[in-house]
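Notes follow once the structure below has been shown.
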Amino acid sequence: MALFNLDIERYYQTKKEQDVELKSIAYLQYPIYCIHATILDSTPDPLEKLDKAIVKCILINSSMSSLDIAQFLSVQKRGVEIRIQQMKSEGLIERKEKTIITAKGVEVLVNGTEKRFQKRQHNFYLDGINFKPLSSELYTPKYLKSFFSENEYTFYTNSKGETKSDKPFKPNIVHEPLIKEKILENILEVPENQRGDWAIPLGLEDIEAIDFTKMTIPILVGLMVKNEKPYRELIDGFSNIGDSKKIITFNSKIESKVDKIELRIDTWKDKKTEKEKFSFASNWVEIDKDNDGDKLQFITNEDLKLAFDKLYEVKISSEEEIINSKFEIGINVTEELLLNLKSNRVQFLRNLERGRDYQIISPRNGIWVVFVTFKTTSPFVKDLLEIKSFLEHSRKKELELKHIIRRLFSYYNYRKGLILLDEFKLLEKIDIAQHMNTEDDTDE
């Protein structure tokens, strides 16, 4: 998949400041065409000044060799030879016993009364649905490197050491059949003063021949909630802040489909191990089916339990511990759930403190990021979070043990809490202070 630049945490916080809650991010491959064209172009050649200087040398002395010209102009001999060859191919000069400037060469390079036309190769990138040119901003390296070609393969080694191939070109949206006349019309009708915005050569005179490659550009779709209503929004994954201005033109063609995207969970049994597996997915394969559009996900509790078991190694024992609504999935952390958690407890509590976690998913099934809510209504778990926060604060402030003990004694189940937090050294110090110190110490 593409290596997105999106800062997920920053994007999440930006949306939160706008009273928008980001719930998941879907992944699509949008169709584009790379048109390989032979064009006739009158755009000024960047080396035309050198060509004119070479022509002046020839007019002064038609017997001058390439080396003589190069030394006179203080440039590389090879550069002079290349430019002379280019001018010969354009019919601007002829070289027999002496070098001669043709009538066309005089008009173009000496008098400047005629345009200089060059036949060359140029790639145009067009929208795969309406054949409109893509913005020149999408021609920058970070975008061009992300385009998937239908001829592209990647290779990887699986867990058995076998080399496998994968074809990343899997467009979610079908390319419209290519219509040559429409393509030429859409490119050539762009006014000259706007061509730079669409990566079209300013001096484009004609397109003589075209070939094409089917390609896709990866785009992201945020599934969000605002004012208790769901909506979807295109996200530019190659922008650090997710600004979608460069890809906004795609939206009008797929808006009706994007507005139906939902989060799903696919489950299956491994054929060899018989173990249950899952993956987050979108509903894109059935996106044309009618739905009420009033939800961001359609997931069963059973599938969600399996997902949380695999992601967090947590066993959900009751429906109370599951958060599963039209807009949100998550875990309601109970005392029993926390006591049964055998690993990853520190990270689990961090997620609970923050109120969420996000999982980056392989986008093969149309989902890239899923946000998981962490909440608790348990008095014990709330006390545990307070104890954890207090201990972190006390270490920063280097509080004395007697102050720490006094605060901990205000919690009914502080010993159980310290055990869950792996605070065994602190428990030992408390026991020593309580049972083995002098009378003055125990008063503390």
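The values are calculated or read from the model by the stated rules, or taken from the named source; none is laboratory data. What you are looking at is a predicted structure, and each value in this text was computed from that prediction instead of being measured. In this analysis, Cβ positions are derived from the backbone assuming ideal geometry, glycine residues included, and neighbour counts consider all displayed protein chains. Surface accessibility is based on the protein's heavy atoms, side chains included, excluding ligands, DNA and RNA. Shrake-Rupley method; radii C 1.70, N 1.55, O 1.52, S 1.80 Å.
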Candidate cut points under GluC sites (Glu not before Pro) in region 123-190, DSSP loop plus at most 10 other Cβ atoms within 10 Å of their own Cβ, are GLU162, GLU189
At 20 °C in a medium of viscosity 1.002 mPa s, region 220-355 has a Stokes-Einstein diffusion coefficient, with Rh taken as the Kirkwood radius over alpha carbon pairs, in µm² per second, of 124 µm²/s
At q = 0.11, 0.12, 0.20, 0.23 1/Å the base-10 log of I(q)/I(0) from the Debye formula over the alpha-carbon atoms of region 127-252 is -0.54, -0.63, -1.29, -1.47
For the chain, the dipole about the Cα centre with charges only on Cβ (Lys and Arg +1, Asp and Glu -1), to the nearest 20 debye, works out at 1340 debye
Result: in region 1-110 the number of Lys pairs with C-alpha under 27 Å apart, spaced 8 or more or on different chains, is 24
Here, GluC sites (Glu not before Pro) of region 320-360 satisfying both criteria (DSSP loop; at most 15 other Cβ within 10 Å) are none
Distance in nm between LYS375 and ASN291 label points, each 7 Å along Cα→Cβ, equals 2.2 nm
For the chain, dividing by residue count, accessible area per residue (probe 1.4 Å) in Å² works out to 55 Å²
Pseudo-spin-label distance LYS119 to LYS145, built 7 Å along Cα→Cβ, given in nm, is 3.6 nm
Computed Rg/Rh for region 1-147 (Cα atoms; Rh = Kirkwood radius) stands at 1.26
Taking the alpha-carbon centre of each part, the distance from region 58-124 to region 377-428 in Å is 84 Å
Of 366-374, 15-23, 338-346, ordering from highest average Cβ density within 10 Å down gives 366-374, 15-23, 338-346
Both in Å, the radius of gyration and Dmax of the C-alpha trace of region 1-82 are 27.6, 77
One checks the Cα atoms of region 315-418 and finds Rg and Dmax, in Å, of 16.5, 56
Extension length gain for GLN434 and SER318 (0.36 nm per residue less Cα distance), in nm, is 37.9 nm
Between the modelled labels at GLU137 and LYS342 (7 Å from Cα along Cα→Cβ) the distance in nm is 5.2 nm
Once Lys and Arg are counted +1 and Asp and Glu -1 for all other residues with Cβ under 9 Å from that of TYR153, the total becomes -1
Using alpha carbon centers only, region 146-183 is separated from region 321-354 by a whole-angstrom value of 38 Å
Residues other than PHE238 with Cβ under 13 Å of its Cβ, Lys/Arg counted +1 and Asp/Glu -1, net out at 0
Of all DSSP beta bridges with both partners in the chain, the antiparallel percent, nearest 5, is 95 percent
Excluding ligands, DNA and RNA, the carbon-plus-sulfur percentage of the accessible area of the chain with a 1.4 Å probe reads 49 percent
Taking 0.36 nm per residue of separation between GLN18 and THR249 and subtracting their Cα-Cα distance, the length gained on full extension comes to 80.8 nm
Read-out semi-axes √(5λ) of the Cα gyration tensor in Å, candidates (1) 38, 23, 20; (2) 66, 29, 19; (3) 41, 26, 21; calculated match is (2)
Taking 0.36 nm per residue of separation between LYS49 and ASP206 and subtracting their Cα-Cα distance, the length gained on full extension comes to 54.1 nm
Note, LEU337: beta-carbon cut-off 10 Å, +1 each Lys/Arg, -1 each Asp/Glu, net -3
Output ordering of 163-174, 115-126 (per-residue mean of other Cβ within 10 Å, highest first) is 115-126, 163-174
Quick note, region 369-409: a/c under 1.5 would make it rounded; otherwise a/b > b/c is prolate and the rest oblate (a ≥ b ≥ c, C-alpha gyration tensor); here it is oblate
